Amino acid sequence: MRTSLMALAAASLFAGAVHAAPATYAIDPTHTFATFEIDHNGASTNRARFDKKEGTLTLDRAGKTGSVDISIDIASVNSGTPGFDKHLQSKDIFNVAEHPKARFQSTKFVFDGDKLASVEGNMTLLGKTQPVTFKASKFSCYPNKMLQDREVCGGDFETTFDRTAFGLDYGVNWGAAKNVRLVVQIEAVKQ
């Protein structure tokens with residue numbers, strides 16, 4: 001009986017060691033980009049990115065769970081055209097004076113087998129919060145040689161949303177597109 005109890009205790013310790021705790025990762029701002037695209041009068045596509053972002057990723061690959069919390073400095077919008085950037089920052093569109101940050105906080109990681117398929121969560125923009133789902137087109141973790149083999153996890157994600165749900169109504173009354181495609185390339189370093 002005593003041998004059985006010791007074996008059971010040893011087995012439970014081993015099982016706990018095999019199932020590792022979730023790991024925390026800090027967003028690497030030099031390898032993380034958030035870009036958006038919106039139709040421009042049916043003739044072309046306006047694109048811009050946000051240069052300043054920060055956040056954390058928590059991942060439990062064995063448990064197939066995780067979370068992400070990303071904050072974006074809206075004033076860092078960069079279209080490559082300074083005049084357009086000023087208009088994007090203005091009260092007409094992003095109103096950075098009153099709403100300087102956008103934020104995405106996940107509520108669920110969805111896996112298809114061992115592959116991360118999507119991340120569900122809430123996006124806050126212009127003081128309004130709406131549910132969005134980012135589809136993962138790729139995601140993996142690797143030992144980064146430039147960081148002395150520290151683990152880095154990252155991937156490419158995208159979603160399309162109706163901007164009017166956030167109060168981004170500029171130009172809609174004269175036929176400007178409502179749907180915005182948001183693409184996020186993210187890499188995060190294990191802490």
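The values are calculated or read from the model by the stated rules, or taken from the named source; none is laboratory data. Bear in mind that the values here come from a model prediction, so they are computed numbers and not experimental data. Counting neighbours? That spans all protein chains shown, and the Cβs are built from the backbone with ideal geometry, glycine included.
Report whether or not ALA165 is among the small types (Gly, Ala, Ser) and surrounded by 19 or more Cβ atoms within 10 Å (Cβ to Cβ). Criteria not met by ALA165. The residues of region 38-62 that are closer than 30 Å to GLY175 by Cα and assigned to a strand (DSSP E or B), listed by number, are ILE38, ASP39, HIS40, SER44, THR45, ASN46, ARG47, ALA48, ARG49, PHE50. Consider ASP51 carefully, then state whether it is in contact with a helix residue (DSSP H, G or I) (Cβ under 7 Å, 6 or more places away or on another chain), modelled with pLDDT of 95 or more and surrounded by fewer than 16 Cβ atoms within 10 Å (Cβ to Cβ). So ASP51 fits the description; yes. Tallying residues that are surrounded by 17 or more Cβ atoms within 10 Å (Cβ to Cβ), among the small types (Gly, Ala, Ser) and more than 10 Å from the chain's Cα centre (by Cα) within region 100-117 yields 1.
This table checks each residue for (1) closer than 27 Å to GLN191 by Cβ; (2) in contact with a Leu (Cβ under 6 Å, 6 or more places away or on another chain); (3) touching a residue at least 60 places away in the same chain (Cβ under 8 Å); (4) in a loop (DSSP other than H, G, I, E, B).
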{"site": "PHE36", "(1), (2), (3), (4)": "no, yes, yes, no"}
{"site": "ILE72", "(1), (2), (3), (4)": "yes, no, no, no"}
{"site": "LEU88", "(1), (2), (3), (4)": "no, no, no, no"}
{"site": "GLN105", "(1), (2), (3), (4)": "yes, no, no, no"}
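Within region 120-160, if we keep just the residues that are within 13 Å of the chain's Cα centre (by Cα) and β-branched (Val, Ile, Thr), the residue that is nearest to SER71 (Cα to Cα) turns out to be THR124. Scanning region 172-191 for residues that are surrounded by 15 or more Cβ atoms within 10 Å (Cβ to Cβ) and either closer than 19 Å to PHE33 by Cβ or out of contact with any Phe, Trp or Tyr (no Cβ under 8 Å at 6 or more places or on another chain) (or both) yields a total of 12. ALA97 passes every criterion in (1) closer than 25 Å to GLY42 by Cβ; (2) modelled with pLDDT of 95 or more; (3) over 17 Å from the mean Cα position of the chain (by Cα) apart from (1).
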